[in-house]
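Coordinate-derived values only; no laboratory data. These numbers were taken from a predicted model, which means no experiment stands behind them.
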Amino acid sequence: MGTGTGTTGGTITPLSFAFNVNAWPGGGQGSLVLPSPRPSGDWYVELKFPCAGSGIILDTWHGDQIQTPEEEAQGIFKIKQTGWQLDKNDIGFVVNTMAGCFVDENQVTAQIVSN
């Protein structure tokens with residue numbers, strides 16, 4: 001399990017997550033455990049990978065990606081739950097790291113950012 005750290009604006013709450021790193025060459029899958037209760041107001045999950053600019057491809061379920069192309073180029077992915085997704089206590093993800101980037105679980109951070 002990893003935890004989150006970071007410097008994004010807003011109130012930061014580290015998240016626990018499971019990450020089966022390198023489940024296949026160049027990729028892995030994971031699950032972010034959301035707190036109960038969740039923050040009130042506007043919030044999103046921020047997931048950060050090393051190897052910024054290496055063409056990381058992230059697919060998620062139980063959440064939609066909202067990061068900018070500039071953030072994604074830095075290895076930062078922002079995920080927001082809306083509608084039916086709010087009934088789910090986790091956000092799953094699959095990541096493929098291109099250009100031979102090795103991802104170590106201890107280099108990945110996850111957090112909730114709330115305003």
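If the segment from residue 64 to residue 106 were pulled out straight at 0.36 nm per residue, it would be longer than the present Cα-Cα gap by 12.7 nm. In plain terms, the chain from residue 57 to residue 90 could stretch by 9.9 nm, reckoned as 0.36 nm per residue minus the Cα-Cα distance.
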